[in-house]
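Here is the structure we will look at, set down as C-alpha cells.
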DNA sequence: GTCAAAGTACACTCACTAGTGCAAGCCTTA
DNA sequence: TAAGGCTTGCACTAGTGAGTGTACTTTGAC
C-alpha cells in the first residue's frame, strides 16, 4: 500500500531522530497520551516529516517497538556472553550476570518504559505485531539463555531436563521479580534490596538445578 | 478538600454501578482512552452523576483501583484457606492452589485488566495512591501467603529461612509466569500449558524449600 | 402529599489531537 | 548552476473528551 517499509524514504538521520523521540515519548506518556506534535518537537523535526516517514501514529509505534526490541536483545546477548561464556564460580557468575541484566533496565530507560507501554497496549496491538514483538524481544531472551544453561549442564554443573524452563525460572527468580516491584524502573528500589533479591533468586535457582555432587567435589 | 470520601454522597446503587462500569472500561480501554461518557453509558447513569460522586476522572480511577484490590485480595485469601489450611499432599495441594489462583484471573477479568492498566499508569499515578494500591493488593497477597508456608514448615514439610521470600518465589514460579505470558489474560494460553507451567513451578519450588527428609520417611 | 436530596438531559466551553494541503526553502548530486 | 527530493512552517479540518451550568424530573422519607 505505502511501500515505505520496503524502499526506504527520506533522510536516515531524520528517521532515526523520530524513532528515538517516539520511543521516549511513547514510553514516558503512554500511547494515547503521547502526541505526535510532542514527538516532533522532541525529535527537532516538523510534524509533517513524521507523516512523510510513517503513515500513521500506530505504524510509528509498532515500528519503534520492534526496532527497540532488537536493539535490547542484542545488548542482553552481549551481557550473557560476557558472564556465561566461561564459568569460574557458578553462583557468582550467575549473580553478576543477573545484576548486569537488571542494570540494562536502567541503561535503556526509554526502551523499558516503552515495554511497559507495550504491555499495557497488548489488547490494542494487532496480534501479528504483538507476536512479532514478543518473538523479537522477551522470547528471544529466553531462547538465548537456554543454550548457555545447557552448556553449563554439559560441564556437569547443572542438572537440567528442560533448558527452556530452567531459563524461564532463572529469569523469573531474578529480573522479573525486580521489574515487577519497580514497574520496570518507574519506582525506585534501593541497591541493596536489588542485590538481596538477585542473590536469593540465584541461590534458589541453584537449589533447583545445581548438581548434587559437582565435578570438583570428592 | 472535597469531603466526599468521608461523608458518603448519593445513592449507593448508582455509585456501585459507576464503579463497576469504570472498572470495566478502564481495564478494557486503558486510562487515557477510557471516556467518562463511555463509563456513564456503561453504568446506565448520567455523566453529571459521575461528577457528583467523584471529583475527577483521576479520582474515580484511583477509587476503583483501590476498591478492586481489596475485593480480589479477599477472594485470594479464601483460595489460600481452601487449599493450604490442611495439607494432605504438599505437591498436589500447592498445584491445586496455584491453579485456582490462576483461575481467579479469569474469574475477575475486569479487575485484572485493570491491573494491567494500573501497572501501565504507574508513572502517572500519585506515589501515595500507588503505594496504597500495592499494599492493598499484590503486597497483601504475599504477606498472607507467607504465614501458611511458615505453618507448613512448622509441620516439617518445608525448610524455610525467610517465609516472605519463599512466598514471593512460589508466586513468581507459578502465577507471575502465566500472567506475564498471557498479559493478565489478554492473550490466551491453552489449558495444558498452564498446567505444565504450574506443575513445573511447584516442583521447582519444592526443590528449593522442601525438607530433604520429610517426617513420613524412615 | 410535601419536601429535599439526588439524578437526568442537554447544551456548552475549552483545550487538545490526528492528520492534511500547500507554498517556500534547503541540501545534495550531477 | 540547475534539478529534484526532502524538509519545513503554518494554517486548517474535523473530531473528541473533560468538565460545568442549569432547568427539570425522580425518588424516598416523613
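Worth a mention:
- Debye-sum result for the stretch B:1-88 in log10 I(q)/I(0), which assumes one identical scatterer on each alpha carbon, at q = 0.22, 0.23 Å⁻¹: -1.04, -1.11
- Value of relative contact order over the stretch A:1-55, rounded to a whole percent, pairs C-alpha under 8 Å and six or more apart: 43
- Centre separation in Å (Cα based) which lies between the stretch A:70-129 and the stretch A:43-57: 29
- The relative contact order of the stretch A:67-209, computed from alpha carbon pairs under 8 Å that lie at least 6 residues apart in sequence, is 30 percent.
- Here the gap between residue B:196 and residue B:85, fully extended at 0.36 nm per residue and compared with their Cα-Cα distance, gives a gain of 37.5 nm.
- Springs join every pair of Cα atoms under 10 Å in this Gaussian network model of chain A, and among A:12, A:109, A:190 the largest mean-square fluctuation is at A:190.
- Mean Cβ neighbour count within 10 Å, used as a protection proxy, ranking B:73-81, A:39-47, A:64-72, A:21-29 highest first: A:21-29, A:64-72, A:39-47, B:73-81
- Separation of the residue A:9 and residue A:78 label points, Cα + 7 Å toward Cβ, nm: 3.3
- Each peptide among B:82-91, B:200-209, A:164-173 gets the average number of other Cβ atoms lying within 10 Å of its residues, and from highest to lowest they stand as A:164-173, B:200-209, B:82-91.
- Estimated at 0.36 nm per residue, the fully extended path between residue A:211 and residue A:187 surpasses their Cα-Cα distance by 4.9 nm.
- Normalised radius of gyration (Cα atoms, divided by 2.2 N^0.38 Å) for the stretch B:88-128: 1.68.
- Distance between modelled label sites at residue A:150 and residue B:144, nm, 7 Å Cα→Cβ extension: 4.2
- Inter-chain Cβ neighbour count for B:50-63, averaged per residue, equals 0 (cutoff 10 Å, partner chain atoms only).
- The calculated FRET efficiency for the pair residue A:203 and residue A:159, based on their C-beta separation and a Förster distance of 25 Å, comes to about 0.95.
- Mean partner shielding of peptide B:168-175, defined as the number of other chain Cβ atoms within 10 Å of each residue Cβ, is 5.
- With a cut-off of 20 Å on the backbone N, the residues of the stretch A:38-63 near the modelled label site 7 Å out from residue A:132 along Cα-Cβ are A:50-63.
- Semi-axis lengths, Å, the stretch B:116-188, gyration tensor of Cα atoms, sqrt of 5 times eigenvalues: 28, 17, 8
- Rounded if a/c under 1.5, otherwise prolate or oblate - the protein assembly as shown, Cα gyration tensor axes: oblate
- Alpha-carbon centroids, the stretch A:134-186 and the stretch B:146-218: separation in whole Å: 17
- In nanometres and ascending order, the distances from the residue B:44 label point to those of the other copies are 5.8 (point 7 Å from Cα along Cα→Cβ).
- Per-residue mean of foreign Cβ neighbours for A:202-212 is 3 (Cβ atoms of other chains, 10 Å radius).
- Rg and Dmax of chain B, Cα atoms only, in Å: 20.0, 72
Just so you know, all these numbers are worked out from the coordinates, no wet-lab data involved. The structure displayed is predicted, hence computed values, not measured ones. As a convention, Cβ positions derive from the backbone with ideal geometry for all residues, glycine included, and neighbour counts pool all protein chains shown.
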